[in-house]
Amino acid sequence: MLIGIDDTDSPLRMCTTYIGTALARELRSASFYVKRLFLIRLNPNIPYKTRGNAAVALDVEGDPELAFRIACGVVERMADFEAENTHPGVVVTKERPPAEFYERVVKDICELGEAIEILEGAGALYKGYKNGRGLIGATAAVCSQLEDHTFEILVYRKEENLGTPRRLDRGSFFLADAATYPHTWDTVDRANDLVVCAPHTPDPVLFGIRGESPFWVAYARAFVQSEEAGFEQIFCTNQGTDAHLIDSPGAVLQENRSYLLEGLVASAPKTEPGGHVWFALKRHGITIRCMAYEPTKNFREIVRLLIPGDSVKVAGSFKKGSINLEKMKVLAVSRVCQMRPPVCAICNRRMTSAGKGKGYKCRTCRSRSMEAEIVEVSRKLEPCWKETPPCARRHIAMPLVRLREVECPSEGARDR
Ligand code: ATP
């Protein structure tokens with residue numbers, strides 16, 4: 001059976017992955033066989049999200065009715081029901097409903113009625129608390145079938161430490177990264193000298209390490225020195241897979257969806273007050289603003305190298321009429337040519353201008369030429385993918401370390 005839960009936390013307290021892990025422990029102690037836990041990221045632009053729009057699914061063997069009672073009990077005991085925007089959902093289904101609903105929830109915006117229709121169709125046991133919205137994410141989680149997936153080990157705090165500053169040995173994260181990258185990623189952001197895998201919010205997560213397999217995340221975790229941890233759990237996840245991107249849509253884009261778009265740079269990048277950089281992208285005869293916000297740090301340097309006519313593919317969310325860039329592939333750079341006086345064919349010296357519209361003259365032998373020399377200016381930008389740094393990365397966005405092997409094998413090491 002599959003168990004889905006969502007919308008159990010608030011900005012002040014709790015985390016759905018923590019409740020999922022607590023549920024797995026409780027099921028195991030009731031003799032259920034808990035095979036795997038899934039951390040499923042959904043549409044990252046959803047306005048109701050607390051943090052990263054995550055839902056959790058558990059793949060379990062045992063009695064569904066009992067599992068449902070246990071799951072509801074854990075959620076009722078642990079979820080932050082007092083928070084205005086917390087609306088938990090619990091789902092237990094023997095069969096996995098069609099994956100299409102997951103695809104919609106990760107890319108689009110869905111209604112509660114759609115989730116209930118799926119659950120009824122699957123003969124699932126389900127319970128929506130308060131306005132029941134959490135059933136959307138909980139249903140999507142049990143529908144998900146991850147063709148592409150990664151792993152994350154989440155290490156949780158002991159209850160007595162909650163609310164206190166996290167005690168973490170910064171250097172140990174850099175060691176963990178050095179020993180396991182590129183099999184793990186987004187543990188630290190070397191260019192910005194930051195540990196990025198530990199939250200600063202008051203939730204129970206101490207830190208989480210992302211990577212390509214359970215082995216690599218567990219190996220990296222072993223390097224980390226910190227306050228004594230509570231329990232920990234490895235999740236199989238759609239993080240780092242770009243599951244949210246709608247590839248090559250038509251001309252009209254919808255707010256709060258994320259896209260992969262190809263087009264031509266239509267205006268030179270401009271830096272706005274606050275350090276935000278933008279350029280216009282033209283596709284299907286329509287121009288769209290592409291934003292690299294200040295938190296994307298060094299990525300903005302790359303964006304500033306674009307010039308009109310460059311051909312690019314951009315990935316990002318469409319919000320308030322702009323694409324918020326997550327990464328960008330430079331497909332082809334346009335040629336920039338400069339004119340300069342030609343070299344004199346007789347004395348081999350560079351000529352000088354003879355005045356506007358009068359061509360060029362040689363100061364030594366006085367010969368003349370009307371033809372300028374055309375030289376191509378070399379561009380600092382090469383066709384390749386460029387991405388926002390780890391400190392600005394969305395959970396679901398695919399880091400280039402995963403993409404690069406396929407698309408840019410010559411580039412090798414990371415952008416650091
Ligand atoms: P955390 O990551 O800390 O668990 P969160 O960021 O996942 O928190 P939730 O508290 O789960 O945020 O809130 C997201 C809410 O939005 C849930 O009720 C979920 O069912 C709903 N939701 C998620 N995706 C969609 C979607 N595509 N369309 C409509 N509702 C959605």
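The values are calculated or read from the model by the stated rules, or taken from the named source; none is laboratory data. Predicted model only: the values in this text are computed from it and were never measured. Virtual Cβ from ideal backbone geometry, glycine too; neighbours counted across all protein chains shown. To get the accessible areas, we keep the full protein, side chains included, count just its heavy atoms, and leave off ligands, DNA and RNA. Shrake-Rupley method; radii C 1.70, N 1.55, O 1.52, S 1.80 Å.
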### Query
Using θ = phi - 60° and the Karplus curve 6.51 cos²θ - 1.76 cosθ + 1.60, what whole-Hz ³J(HN,Hα) does each residue of segment 204-213 get, with Gly and Pro shown as x?
x, 6, 7, 6, x, 10, 9, x, 8, 8
### Query
Could you work out the helix-only [θ] at 222 nm for the chain, with each DSSP H run of four or more residues adding -39,500 (n - 2.57) and the total divided by the number of residues, to the nearest 500 deg cm²/dmol?
-6500 deg cm²/dmol
### Task
Rounded to the nearest 0.05, what FRET efficiency do residue 66 and residue 229 give with R0 = 41 Å and r taken as the Cβ-Cβ distance? Could you check?
0.85
### Query
Can you pull the accessible area of residue 284 for me, 1.4 Å probe, Å² to the nearest 10?
120 Å²
### Message
Given R₀ = 25 Å, what would the calculated FRET efficiency be for residue 251 paired with residue 320, taking r from the Cβ atoms and rounding to 0.05?
### Response
0.85
### Message
Springs between alpha-carbon pairs under 10 angstrom, Gaussian network model over the chain: which of 300, 368, 221 fluctuates most?
### Response
368
### Message
Through the Karplus equation 6.51 cos²θ - 1.76 cosθ + 1.60, θ set to phi - 60°, convert the phi angles of segment 35-48 into ³J(HN,Hα) values in whole Hz; use x for Gly and Pro.
### Response
7, 8, 10, 10, 10, 10, 7, 10, 2, x, 9, 5, x, 7
### Query
What fraction, in whole percent, of alpha-carbon pairs in segment 150-237 exceed 23 Å separation?
15 percent
### Task
Can you pull the one-decimal nm distance between simple spin-label points at residue 48 and residue 365, each 7 Å off the Cα toward Cβ?
8.2 nm
### Query
In nm, to one decimal, how far is the residue 289 label point from the residue 96 one, both placed 7 Å along Cα→Cβ?
4.1 nm
### Label point distance in nm, residue 379-residue 213, each placed 7 Å from Cα along Cα→Cβ
3.9 nm
### Given charges at Cβ of Lys, Arg, Asp, Glu: segment 79-199 dipole, positive-most of 140, 156, 185
156
#### Entry: Partners for residue 319 among lysines (Cα-Cα distance below 28 Å; same-chain residues under 8 apart left out)
49, 107, 270, 282, 297, 327, 329, 386
### Task
Kindly point out which whole DSSP H helices in the chain project their C-alpha atoms 18 angstrom or further along the helix axis while averaging a Kyte-Doolittle hydropathy of -0.5 or above.
16-29, 64-78
### Task
Straight distance only, please: which aspartates and glutamates reach the Cα of residue 313 with their own Cα at less than 20 Å, same-chain residues fewer than 8 apart left out?
242, 247, 255, 262, 301, 326, 382, 387, 405, 407, 411, 415
## Note on the structure
Computed on Cα atoms, Rg of the chain relative to 2.2 N^0.38 Å comes out at 1.23
### Query
Once the Cβ-Cβ distance between residue 35 and residue 268 is put in as r, and R0 is 60 Å, what FRET efficiency do you end up with, to the nearest 0.05?
0.65
